[in-house]
Amino acid sequence: MSQNNVIPIEHNATQDAQKTRHPGLNLGPAHAHEEDTREEMVFGFWVFMMSDLIIFGLLFATYVTMLGGTAGGPGPSELFEMKSAFIETMLLLASSFTFGMASLALKYREDRTRLVFWLVVTLLLGVAFLFFELKDFHTMFDNGGVPSRSGYLSAFFSLVPLHGLHVTGACIWLVALLGQLAVYGLDAPVKTGILRLAILWHFLDIVWIGIFSLVYLGGLS
Amino acid sequence: MSDAMSSIFGRLGWDALPFWSMLHDHSPMTLINGVIATGAAGMVVLGALAAIVLVSWLGKWKYLWSEWLTSPDHKKIGIMFIVIALVMLARAIIEAVFMRAQQAVGLDGGFLTAEHFGELFTTHGTIMVFFMAMPFLTGIINYVMPLQIGARDLSFPVLNQVSLGLTAAGAALVMISLVLAPFSTGGWTGYPPFTELSYNPGAGVDYWIWAVTLSTLSSTLTGINFAVTIFKKRAPGMKLFRMPLFTWTALCTAILMIFGMPPLTVATGLLALDRYLDFHMFTTDLGGNMMNYVNLFWAFGHPEVYILILPPFGIFSEVFATFSGKRIYGYKILVIATMCIAVLSFTVWLHHFFTMGQSAHINAAFGIATMLIGIPTGVKVYDWMLTMYRGRIRLSVPMVYAIGFIMLFVLGGMTGIILATPSVDYQIHNSLFLVAHFHNMLIPGLLFGMLSATNFWFPKAFGFRLEERWGYRAAFCWIIGFMLAFFPLYVLGLMGMPRRSVAYFEPQYLPWTIMAGIGALVILCALLCLLLQLWVSIRDRHANNVFVGDPLGWPDAGMVGLLTAAGIQLPGAARDLQH
Ligand code: HEM
Ligand SMILES: [Cu+2]
């Protein structure tokens, strides 16, 4: 290999730190090395989301192939209610909005109160979503819509509650982050934690839009 | 009392012990199978006890715990992955020998029950894929890749420990299943409806589901870890197109793991829902659709075979270059070919079930897509040959494996093209021809690759070389044993012998099954040679030390490439390797 391939080993540290690595993260110029490791964690989380997306994608595909498999049992029109599905959608969309506000507060505000306020609102919206979803499942069960009844219902209950489980997990994570925020203050790990949770939260919102359009709108049309 | 017992043990009763049926039924068949199963269980228990006694006797518990089991170091985790792989390899080879023995005497009967034979091919296949091949290549990448790109560790060392733990737990389940309750008989593919509760109420399929799911999760996390490391932790100056080829194949494998493992997670997860919560995803009644499982499984399964073969491709690229004393021929082309293979591998899964009812047009499309993969693979073979052309070839042990690989792998590739023709596949689908084909890819491809890598990089890990005489013996036993054990299966397949047959009634099969049985014995010798090689090397380690007088330690191609990229001049012998 020729001489001009020799690479300067030193980074230009300040230049690196000022570059915005990804939107939303605001660790400040003092964190050049920190920034590197944080960036890795966020990138890793994106990659994880991609493989989670494959799981949902396959469950969607499976659901579509099972639409005909009601085996004489109740189908979408007997089981779904537009009103509550719509409420759930609105709750989740609103929670994405409030999480966005939290991210903005994280990036541009020094004081923590706004951040905590938006995070708590997000959490409440998430919990409200779960409440309505569980209520929906309850009604479905009452009307004979149980997974053991048919292949179609099995497919429904392998897809939609998995999203619900994800939301549950995200809510628990949010509570944990709020706890960390209270104990450790707004340090770098908490910041990246919020950033990664934001990715998950918006991701779940997108998956829900898929569920709402395909399962509920498609089923009731 | 009995309430407490049943809440602890559930369905687990005395009949889960391998010798239980033998005590109640004294027919010769039950006795023979009972003795074999008990022997196997005894080996597991004895092996575990021996390990415990040995560690205690050496007084190494603390060392083992704090230096190895809880170490986040990528090198140690890599080595532990490989240890798991070697233990499981030994078990799976022994099982294979039993299967070949059964078919060698299987005209009108043989000595194994159908149930026992079913467990053997299921555990053999499951182990070889999930607990031999996957941990082996994960271990090698874990060890070598960070060194090649100049990273201090993987991006997520703790996640790496979690991956190791998940694989170890899965492997432990498969081992425990030898002692308690039989394993699944559903094959490594576990197709429903056979694996549904209604046909298989026992714990066997549950063992399989749990073991495979743990392994899959482990590999997904590993893939994320590798990919992030390669993208984000390269040393300054290590541009993507300066990376050693092995790292390139590691990257493509990691990407395949990220996208290829989730389908299996979905498949086994849904099967578990069917079994545990009375779902009807894949059942024969109430609107279940078992074809969904088949599609999901192979949406994982085909990328999986490239997960298995790409790292060996990278290893052989390094080995051919090193032991021909030349730079690798066509570096860029090899990288592009690797990426083409990775992408194409997601477009061909249907060739695993040409016979399961889709239209001829769909079959044709997938047949053509399958054959297309032959092109980038062929490109690689030419590149390797041109690397050797006019090189100063040294027939070291890794090189013997590599040359065995290139000749046998091309043959296996040809039979793959035959199988990819749907009209031909209708004739030989599910026959021993297929078994011969995939072993022809997996043994010369994956296994030779792993053994070659072990011989190649062992000195780097431990500071002394692996002994060569036993190394050559092992390599030649593998090559010859492979040919003896699997070429007859091509013939048997063309004669119509189905795979997974415990017995047959066709006397013409007999010479070929006997020949394959002899091949299996030669392979058993190869395993013994490997063990002896390890033993002799450790015994004579001081004589084979490689660190004498060389401050940089053992210079391998990747290390040298890295230092070159960083513009560092190497002293002594290592300079000769610098291009
Ligand atoms: C070491 C020498 C080996 C021998 C002698 C051997 C032998 C066998 C035999 C006899 C079968 C059953 C064939 C049948 O269905 O009738 C089998 C199946 C199989 N083997 Fe091997 N094998 C070897 C190595 C490997 C390796 C290295 C791998 C993978 C990395 C592997 C993967 C499989 C798989 C996936 C199956 C299919 C299991 C099933 O039908 O579900 N084998 N092997
Ligand atoms: Cu395939």
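Remarks
- Close pairs (7 angstrom Cβ cut-off, 6 or more residues apart or separate chains): over 14 Å from residue B:418 (Cα atoms) and aromatic (Phe, Trp, Tyr) in segment B:343-370, assigned to a helix (DSSP H, G or I) and more than 16 Å from ligand 1 (Cβ to nearest atom) anywhere: B:349/B:299
- Annotation note: Cβ proximity below 9 Å between a residue of segment B:285-306 that is more than 16 Å from ligand 1 (Cβ to nearest atom) and a residue that is in a helix (DSSP H, G or I) and acidic (Asp, Glu) (sequence gap 6+ or interchain) occurs for B:288/B:274.
- Residue count, segment B:245-299 (criterion: under 27 Å from the mean Cα position of the chain (by Cα), facing another protein chain (nearest Cβ under 7 Å) and more than 30 Å from residue B:331 (Cα to Cα)): 7
- Whether a residue is among the aromatic types (Phe, Trp, Tyr) and surrounded by fewer than 22 Cβ atoms within 10 Å (Cβ to Cβ) was assessed, and residue B:293 does not pass this test.
- Residues of segment B:282-314 that are away from ligand 2 (no atom under 16 Å from the Cβ) and touching a Ser or Thr at 6+ places or on another chain (Cβ under 6 Å): B:286, B:287, B:292, B:311, B:313, B:314.
- Screening residue B:494 on (1) over 30 Å from residue B:99 (Cβ atoms); (2) at pLDDT 95 or above shows it passes everything except condition (1).
- Exactly one residue among A:153, A:119 is farther than 18 Å from residue A:86 by Cα, more than 12 Å from chain B (Cβ to nearest Cβ) and crowded, with 22+ Cβ neighbours inside 10 Å, and that residue is A:119.
- Remark: residue B:403 falls outside the filter, which requires a residue to be closer than 30 Å to residue B:262 by Cα, in a helix (DSSP H, G or I) and away from ligand 1 (no atom under 16 Å from the Cβ).
- Here is the figure for segment B:389-430: residues that are in contact with a Gly (Cβ under 7 Å, 6 or more places away or on another chain) and farther than 17 Å from residue B:305 by Cα total 6.
- Residue B:189 satisfies every condition listed in (1) assigned to a helix (DSSP H, G or I); (2) surrounded by fewer than 24 Cβ atoms within 10 Å (Cβ to Cβ); (3) touching a helix residue (DSSP H, G or I) at 6+ places or on another chain (Cβ under 8 Å); (4) not hydrophobic (A, V, I, L, M, F, W, C) except (1).
- The residue of segment B:194-210 that is surrounded by the most Cβ atoms within 10 Å (Cβ to Cβ), among those that are within 15 Å of residue B:126 (Cα to Cα) and touching a Phe, Trp or Tyr at 6+ places or on another chain (Cβ under 7 Å), is B:208.
- Being within 14 Å of ligand 1 (Cβ to nearest atom) and either within 14 Å of another protein chain (Cβ to nearest Cβ) or of a type in the set (A, V, I, L, M, F, W, C) (or both) holds for only one residue in B:97, B:53, B:87, and it is B:97.
- Considering only residues in segment B:232-248 that are modelled with pLDDT of 95 or more and aromatic (Phe, Trp, Tyr), the one that is surrounded by the most Cβ atoms within 10 Å (Cβ to Cβ) turns out to be B:246.
- Among the residues of segment A:104-114, those that are in a helix (DSSP H, G or I) and surrounded by fewer than 21 Cβ atoms within 10 Å (Cβ to Cβ) comprise A:104, A:105, A:107, A:108, A:113, A:114.
Residues are listed down the side, and each one gets a yes or a no for (1) closer than 26 Å to residue B:411 by Cβ; (2) under 20 Å from the mean Cα position of the chain (by Cα); (3) within 11 Å of ligand 1 (Cβ to nearest atom):
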| residue | (1), (2), (3) |
| --- | --- |
| B:478 | yes, yes, yes |
| B:485 | yes, yes, yes |
| B:500 | yes, yes, yes |
| B:516 | yes, no, yes |
| B:520 | yes, yes, yes |
| B:532 | no, no, no |
| B:540 | no, no, no |
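- The set of residues in segment A:131-150 being under 18 Å from residue A:211 (Cα atoms), in contact (Cβ under 8 Å) with a residue 40 or more places away in the chain and within 14 Å of chain B (Cβ to nearest Cβ) consists of A:145 alone.
- For the residues B:135, B:157, the requirement of being away from ligand 2 (no atom under 16 Å from the Cβ), within 23 Å of residue B:531 (Cα to Cα) and at pLDDT 95 or above singles out B:135.
- Failed criterion for residue B:287 (all others in (1) surrounded by 22 or more Cβ atoms within 10 Å (Cβ to Cβ); (2) at pLDDT 95 or above hold): (2)
The values are calculated or read from the model by the stated rules, or taken from the named source; none is laboratory data. Bear in mind that the values here come from a model prediction, so they are computed numbers and not experimental data. As a convention, Cβ positions derive from the backbone with ideal geometry for all residues, glycine included, and neighbour counts pool all protein chains shown.
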